[in-house]
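The next block holds one structure in the form of structure tokens; read it before the comments.
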There are 2 protein chains.
Amino acid sequence: MAAENEIFPWVALKTWVENIFVKNDFSRDDAQLAASVLIAADLRGIDSHGVARLSGYLRLIEKGRIQPNPLIKIIRETASTATMDAGGAIGLVSAPKAMQIAIQKAKIAGSGWVAINNSNHFGIAAFHSMMALEHDMIGFAVTNASPLVTPAGGRERMLGTNPICVAIPALNEPPFVLDMATSAASNGKLEIAERAEKEIPEGWLIKEDGSKSRNPSELKNKGMVLTLGSDMEHGSYKGYGLSAFVDIFSGVLSGANFGPWVPPFVSFLDPAENAPGKGIGHFVGAWSIDGFREAREFKENMDLWIQRFRKTEAMDINNPVQIPGDNERNAEVHRKVHGIPLNKKVHSDLLEIAEKYQLELPK
Amino acid sequence: MAAENEIFPWVALKTWVENIFVKNDFSRDDAQLAASVLIAADLRGIDSHGVARLSGYLRLIEKGRIQPNPLIKIIRETASTATMDAGGAIGLVSAPKAMQIAIQKAKIAGSGWVAINNSNHFGIAAFHSMMALEHDMIGFAVTNASPLVTPAGGRERMLGTNPICVAIPALNEPPFVLDMATSAASNGKLEIAERAEKEIPEGWLIKEDGSKSRNPSELKNKGMVLTLGSDMEHGSYKGYGLSAFVDIFSGVLSGANFGPWVPPFVSFLDPAENAPGKGIGHFVGAWSIDGFREAREFKENMDLWIQRFRKTEAMDINNPVQIPGDNERNAEVHRKVHGIPLNKKVHSDLLEIAEKYQLELPK
């Protein structure tokens with residue numbers, strides 16, 4: 001398989017995505033926001049969550065499952081908490097809006113938390129968490145997602161890859177940004193292996209009957225992903241616990257769906273009947289550092305933390321220990337200069353969209 | 001190795017522990033609290049964190065590293081946040097006191113968060129988180145601990161087993177209580193293997209030189225524990241990220257020590273020189289459910305969540321999928337009736353303490 005990638009300049013690609021959203025009845029502001037979140041994924045090297053998802057989103061808009069012009073409402077509120085009914089919005093729009101509210105609350109009350117229901121996929125969690133950084137706050141974002149992952153000891157799709165993201169500012173060092181799926185492998189890694197027709201490590205997924213598999217295509221064949229830890233001996237019950245925590249905060253606390261009832265991302269599968277909640281849920285928040293400690297002091301200590309951890313004695317002297325967020329930041333620096341590579345499948349998807357909306361793809 | 005366990009009634013054992021703390025200059029209230037936390041671990045089957053630690057705590061008190069009569073101060077505060085200087089207290093006392101403050105704040109502001117510095121080991125995290133349950137709140141507790149764990153890609157002790165605990169109430173179902181070390185194996189599991197002189201699974205620890213080992217005694221020989229995920233392919237960088245998140249919240253945000261500077265638990269090792277902070281740190285908090293959603297509705301949905309997850313198609317029909325906290329609750333039900341089994345080593349430790357303080361161990 002020749003997997004030649006075409007390269008696209010990020011600013012022009014972002015503007016194009018924005019215009020596609022406008023053509024789909026998004027307000028200019030919402031289109032800009034949604035495009036920013038999507039392109040942030042491509043810039044940070046999380047290709048599975050970037051423009052690769054655009055055609056999927058557009059199909060969900062066509063089906064009426066994503067509202068381009070949603071009525072977003074705060075339906076409950078205290079000094080440090082709120083619940084948002086996103087009115088069927090795309091998460092690319094609802095999550096940053098919720099994060100803004102969380103940050104405002106944290107400015108006054110020391111912390112701020114917003115649970116979001118009636119939403120859809122929110123792109124990369126890091127975009128939302130990282131909004132807190134410039135306010136000297138620690139950002140937090142989790143979301144549930146279409147069921148694909150089995151609880152430890154089970155063989156049934158009950159959970160999404162349910163990411164946890166925490167973004168923590170430093171002073172002279174770049175921020176600490178942990179953005180991780182609670183499954184043994186992320187969707188992105190599975191997609192890459194599938195595209196390359198490569199075997200995956202044992203411990204990432206199992207077949208429908210519960211037996212082990214190293215074939216990523218088993219996911220198309222009712223297979224399922226394992227939780228972080230992979231097997232009981234190595235703590236898969238912990239990965240399950242973390243994924244469950246994300247599901248409960250995103251789904252149960254917000255009034256969205258949870259577990260096997262989370263609506264599927266693909267437009268050709270219908271949402272479950274008798275679903276207990278509304279749409280997909282997220283949970284975002286911010287802690288103001290100043291609520292605990294003088295922010296400058298904290299950030300100086302974060303520099304020390306980061307510098308000391310970089311100096312950890314490494315297993316391989318050519319591969320120093322990294323700080324969460326290093327890879328993504330390096331990708332961003334590179335891609336801002338050299339452009340965003342898109343594989344053939346994504347490229348041809350975008351060309352189709354370009355033709356449909358008569359908006360030429362930038363080169 | 002004959003590992004005959006003697007059985008002790010929990011109430012009498014708790015009173016005895018309380019009296020030992022009083023003999024060590026704890027106030028009656030603090031002694032009662034500390035004994036409750038310690039016995040909660042034994043009741044819940046987390047034997048490594050119960051009375052097995054008493055002799056270690058007493059040696060730290062003797063050395064002046066734990067203050068029996070600490071001056072606990074709130075040194076910073078907002079509506080939903082606070083920082084506590086625990087004055088060298090044992091964490092068994094400072095953490096529940098901090099949790100009480102978090103709960104008070106959550107009653108008024110919707111959530112409450114307390115970072116604690118200048119503290120010592122806090123026992124089982126679940127005790128603190130679970131304090132939130134009766135208030136219809138979700139409890140959260142993390143702590144850093146003596147370095148024993150290497151970051152992914154490293155071979156140096158930089159992190160503790162740094163647990164994360166979240167306790168979530170349900171209505172008719174028992175609560176969801178996730179209490180997990182962020183390492184591939186907890187201290188407790190390693191101790192059990194070591195006592196039984198049993199091989200451990202590959203992926204739990206490595207030797208000083210970074211090579212794999214299945215011998216739990218390597219920990220006494222400068223070996224180190226791996227993070228959840230065990231190796232890069234299976235996501236050890238995620239376990240590292242979670243452990244780092246716990247370390248930063250417990251240590252950096254509170255002004256306590258962090259990373260390799262966290263003081264050792266054993267009294268024969270001295271704390272690091274030039275340590276950047278004060279003592280060990282914890283971070284506890286509570287979200288008021290009512291701040292997001294009517295509590296009864298939430299708890300009804302939690303019942304549904306729990307019931308549905310119990311019905312997950314199981315790998316083995318005789319081992320249904322569990323809900324986090326099931327094992328510990330079952331142990332507690334059993335041990336409240338049948339008593340707490342203590343192994344020979346712990347038993348003889350307690351007999352020594354009994355003799356020293358002239359307080360007979362209950363039978």
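Between A:Phe298, A:Phe245, the distinction of being crowded, with 20+ Cβ neighbours inside 10 Å and either within 17 Å of the chain's Cα centre (by Cα) or charged (D, E, K, R) (or both) belongs to A:Phe245 only.
Taking the criterion of being among the aromatic types (Phe, Trp, Tyr) and closer than 15 Å to B:Thr161 by Cα, the only residue of the range B:118-142 that qualifies is B:Phe122.
Residues checked against (1) crowded, with 24+ Cβ neighbours inside 10 Å; (2) closer than 22 Å to B:Leu38 by Cβ; (3) more than 10 Å from chain A (Cβ to nearest Cβ):
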site: B:Ala141; (1), (2), (3): yes, yes, yes
site: B:Leu159; (1), (2), (3): yes, no, no
site: B:Ala196; (1), (2), (3): no, no, yes
site: B:Glu199; (1), (2), (3): no, no, yes
site: B:Asn221; (1), (2), (3): no, no, yes
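Selection within the range A:250-304: residues that are facing chain B (nearest Cβ under 9 Å) and among the small types (Gly, Ala, Ser). The member of this set that is nearest to B:His282 (Cα to Cα) is A:Gly291.
Can you spot a residue in the range A:120-133 that is over 11 Å from A:Trp287 (Cβ atoms), within 13 Å of chain B (Cβ to nearest Cβ) and assigned to a strand (DSSP E or B)? There is no residue in the range A:120-133 that is over 11 Å from A:Trp287 (Cβ atoms), within 13 Å of chain B (Cβ to nearest Cβ) and assigned to a strand (DSSP E or B). Residues that are within 20 Å of B:Ile90 (Cβ to Cβ) and either part of a helix (DSSP H, G or I) or of a type in the set (D, E, K, R) (or both) are absent from the range B:293-300 altogether. Residues in the range B:306-324 that are touching a residue at least 60 places away in the same chain (Cβ under 8 Å) and within 9 Å of another protein chain (Cβ to nearest Cβ): B:Ile323, B:Pro324. For the range B:161-194, the set of residues classified as within 10 Å of chain A (Cβ to nearest Cβ) and assigned to a helix (DSSP H, G or I) consists of B:Lys189 only. Exactly one of these conditions fails for A:Arg76: (1) outside any loop (DSSP other than H, G, I, E, B); (2) closer than 20 Å to A:Leu361 by Cα. Give me its number. Only one criterion is unmet by A:Arg76, namely (2). Scanning the range B:232-239 turns up one or more residues that are free of Cβ contacts under 8 Å to residues at least 60 places away in the same chain, surrounded by fewer than 24 Cβ atoms within 10 Å (Cβ to Cβ) and more than 19 Å from the chain's Cα centre (by Cα). The set of residues from the range A:320-363 being farther than 18 Å from A:Leu58 by Cα and of a type in the set (S, T, N, Q) comprises A:Gln322, A:Asn327, A:Asn330, A:Asn343. The requirement of being free of Cβ contacts under 8 Å to residues at least 12 places away in the same chain, farther than 24 Å from B:Met137 by Cα, of a type in the set (A, V, I, L, M) and within 14 Å of chain A (Cβ to nearest Cβ) is fulfilled somewhere in the range B:70-85, by at least one residue. Taking (1) over 23 Å from B:Ile90 (Cβ atoms); (2) touching a His at 6+ places or on another chain (Cβ under 9 Å) in turn, B:Ala145 satisfies each apart from (1). Under the condition of being of a type in the set (Val, Ile, Thr) and closer than 20 Å to A:Gln67 by Cα, the residues counted in the range A:91-124 number 3.
Bear in mind these aren't lab numbers, they're just calculated from the coordinates by the rules spelled out. Small disclaimer: the values here were computed from a predicted structure and weren't measured. Every residue, glycine as well, gets a Cβ built from its backbone with ideal geometry; the counts of neighbours run over all protein chains shown.
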